[in-house]
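The values are calculated or read from the model by the stated rules, or taken from the named source; none is laboratory data. Please read all numbers here as calculations on a predicted model, not as lab measurements. Cβ coordinates were reconstructed from backbone atoms using ideal geometry, including for glycine residues, and neighbour counts include every protein chain displayed.
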Amino acid sequence: MEGGSECRVNRSVDYSPWVDWSSGCGGRTVEARFVVVGLELDLWWWIGARFGPAETTTISRVMGAEEFGYNVKAQTFNEMEDDDFNHFSDSELVYHVRDALNSVSLGDCDSYNQLVGVMHHSKGLAPDEVALLVTSLKALSGAVSYIDISLHEALLSSIFDMNMWNYGPDVMDALLGLIISLASSNGKYVESCLEMLVSSFTPPFSFMDMLKQPRGIAKKDQVLSRVHLALKHIADLVPLAPSKLCPIISRKMPIYEKEPMVVVYAENMLKLESGAIGEFVSSTMLMALMDTLIDLDVDIGWDGILHDDSSKGIFQMEIEDMDEFADYDEEDGTEDTLLQFPRELSRKSLGGNSTAEKLDSLMVLTFEHLKSCEVSGRLTEVFEPLLDSFRITVLTAYKSKFAQFVMFYACALDPENCGVRFAVLLADIFACEDYPLSFRMSAVAYLASYLSRGNFLSAPLVASILKRLVDWCFEYCNRKGGEMNPTSHRLFYSGCQAIMYVLCFRMKSMIDVAWFKPHLLLIEQILKHKLSPLKVCLPSVVEEFCRQAEAAQLFTSSEEFNFNDLLESEHSRAFGGMERLDMFFPFDPCLLKKSDRFIRPHFVYWSMVRPPYDDDECISDEDVVEEELDLDVSKMSITPRNPLSYWISNGLEEPRGMPARIRPSTSPESL
Amino acid sequence: MEGLKVSDANLVVYVHPSKSNKVPQAVLRELSSLLFRFNESFDGVVLAYDVQIQDKIAKILPGFHPYFGVKLKAKLLLFAPKPNMLLEGKVVKLTERSIHVIVLGFSSAIITVEDIREDFNHKIKHGDELFASRSQKRHVIKVGTMIRFLVKSFDEERLHISGSLLPANTGSIRWLARHSEDFSVSDRSTRKRSESEGELVGGETYSLNNDHQIKKSKKHRIRE
């Protein structure tokens, strides 16, 4: 017998017969001489009675109260009392509880109320109170069939209100035993039991600060391993339980709580996904997680990202980032000039944003989970629900800002399968006539950004996808060709812009793909068609593309386009429509600090691109000053051919740049 | 095993206009939403279906969304346990006070100690909990045993069965199959039951195969 606490036996207890033990015991003979009146005293008494030498009682294990810092003394009952009493077995306790429950319908609620009181008592439990609680829970487990859903509502609600985090391991085990018994005894309790377990995914508010400390982490492991085991047991006994579990989990997601809570909850979801009942809940969990990511994503206001003063080219930001990133912590970017670290500033303003922080933490959690799936060989299986979720949730969300990077990372982990699958899905959506227009345009915007930014994508893959786009655009020209009309041919223009955008990043590698050559010629025909995509598509993209095409000597003749260095034009606005899909580049550098560390190794920054006109290494400019447009857009600048002339000729000139930001235009029709 | 029946049903499935070029798919999807739920009209839990589209012409409903109604003839496999039926299931958990059973892989059933006949004693042997019969040698129920039990009640909403092992013709199926003739002589009604048991036994082997077949056909349907 392990250490027990001091047994306080109140000798003034009135021992009066209360129940006839000898009947109804199923043939087992019991000699019980003393039965006591009040339950609270009862159990203490029983606890004492169980300290008999022969019986290995469950209570005695409970009495290990070391964690409460108590100096425990083992005291056998023999030392304290006369050796007259018999030991009460578990079944006797069960009978007592049964009688307490049954007597409620007869009007006698005393024992029952005391039982309810024991359940409610949860804070600052002394070891004997712990023992009382454990005994009560175990006795109840055996008496579940006597619990009536309406008569014993108080008891049930007090049980279901218990949060596992408040208790030590022994109480937890007893409580879970009761929950599992309840769930399997009667279908009526299954949902409440599941809800109780899901509520125990997160600790009570008071625990929140402790979560990051080693003590908190140990407690978390203690609780969650038991909760998940209980869920598995319930699923084993009630096969339809997982289908009831999923809606409960989605509903109880504490999305508006503080960041540690949300993260712990999401940890639980992912633990379920990869756990014992994973095969039943996996896709639901992943979809629910993506839904949460998107909900947080759309909640982040654009103000969190825009930094009105900066409007600096992302190009410099990226360069600076690469050099400074290693040192960047919570460093105040203001020591450097506004010009140099605008990105950090916008990151900082985002950093204060609690929704962004939550999203950041959740995305990191997802990345880590994906990594572990890849290690265990499950990535392909996990990717399918992610892909579905992307198509249903992310693709339809209005300009998702960061949630899509989950897909990016998953593809980076497995370029040959997942990477290809993603690209093909987007291309299929673009080409499929069953989908609505803005859905297809959104898909091709994702595709263009993805193909440009993923450094893990092979040239042949990019070429084959481009080929599809080119073929589609070419066929469109021949089939539906007409005059230039931004609103009537939106899909066509978005397809052309996608092709040009990808080529801006990958001109050289595409030229190197031998079989792609004929398609480059097709591109020329498309761009020179009456539909005039070069006039309609986003000017900065067109300009950059033309510069590169000229340098690479792609086209047989080149027409001069002078856009006055506009980022956008009325035509591009027209084809971009309400959602400004003309300026949508979803895989632009991720602004979430922690997530970016995962993405960075697989990402192509504009600064890494060597356009054909730049065969020498050129340094970037630090002091690009942009004209403040009423559009307030920041762009990626490119290395100018002649830095000096660039700056001297026009003081405040906008650099020609690749539009890389997702900033909405402030013109009237934009949202 | 009782409680399973095959019903013929005439159904109409209303299909959304967007699915008008994939009607069979839409119909199957609609029908699969019926699975593993108790349906009042059919009076049972739908386990499997076999569907034939009756008419290529469907009536379009008037209204905002012009759904059209596809007429079908379907064979439905239904699970409809009623009180006093005998069901078979696998024991998944055994405690001193209860036996937990799963029927047909999806329905949970519980038999509490009050509904287990006195004959059965709870024991712990080699670390395993089991119920062993005192009068019938080698009649043992433990985790993994397939047992036959009587239905006391069936919760249609939760698909949860409350069962009983009181009648003499309940217990481990394997034992019952082997010892159907060796029933205690003291009870005439038991004798009578043993004759019908013979049929049941014959039926029991059939039903085991049936289950297997049923499971197979279920897979077959879903693959469609």
Is there a residue in the range A:192-206 that is buried (at least 21 other Cβ atoms within 10 Å of the Cβ), within 14 Å of chain B (Cβ to nearest Cβ) and among the aliphatic types (A, V, I, L, M)?
-> yes
Scanning the range A:233-243 residue by residue, the ones that are at the interface with chain B (Cβ under 9 Å from one of its Cβ atoms), part of a helix (DSSP H, G or I) and not acidic (Asp, Glu) total 4
Note on the range A:147-186: residues out of contact with any helix residue (DSSP H, G or I) (no Cβ under 8 Å at 6 or more places or on another chain), under 24 Å from A:SER103 (Cα atoms) and not acidic (Asp, Glu) are A:SER150, A:SER157
- Message: On the basis of being free of Cβ contacts under 8 Å to residues at least 24 places away in the same chain, out of contact with any Phe, Trp or Tyr (no Cβ under 6 Å at 6 or more places or on another chain), surrounded by fewer than 16 Cβ atoms within 10 Å (Cβ to Cβ) and away from chain A (no Cβ under 14 Å), does B:GLN52 make the cut?
- Response: yes
Among strands (runs of 3 or more DSSP E) completely within the range B:97-169, the ones holding 2 or more residues that are within 11 Å of chain A (Cβ to nearest Cβ) are B:98-103, B:107-112, B:120-125, B:146-155, B:160-164
(request) Would you check if B:PRO24 is outside any strand (DSSP E or B) and within 14 Å of chain A (Cβ to nearest Cβ)? (result) no
Flagged in the range A:450-483 as touching a residue at least 60 places away in the same chain (Cβ under 8 Å) and surrounded by fewer than 21 Cβ atoms within 10 Å (Cβ to Cβ), in numbering order, are A:ASN455, A:PHE456
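Here is a yes/no grid of residues against (1) within 14 Å of chain B (Cβ to nearest Cβ); (2) out of contact with any Pro (no Cβ under 7 Å at 6 or more places or on another chain); (3) over 19 Å from A:LEU237 (Cβ atoms):
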position	(1), (2), (3)
A:ASN113	no, yes, yes
A:HIS120	no, yes, yes
A:LEU125	no, yes, yes
A:LYS138	yes, yes, no
A:ALA143	yes, yes, no
A:ASP161	no, yes, yes
A:ASP173	no, yes, no
A:SER184	yes, yes, no
Looking across the range A:570-587 at residues that are of a type in the set (A, V, I, L, M) and part of a helix (DSSP H, G or I), the single one that is farthest from the chain's Cα centre (by Cα) is A:ALA574
Scanning the range A:345-373 residue by residue, those at pLDDT below 95 and touching a Cys at 6+ places or on another chain (Cβ under 9 Å) turn out to be none
How many residues of the range B:68-96 are at the interface with chain A (Cβ under 10 Å from one of its Cβ atoms) and either surrounded by 22 or more Cβ atoms within 10 Å (Cβ to Cβ) or in contact (Cβ under 8 Å) with a residue 60 or more places away in the chain (or both)? The answer is 0
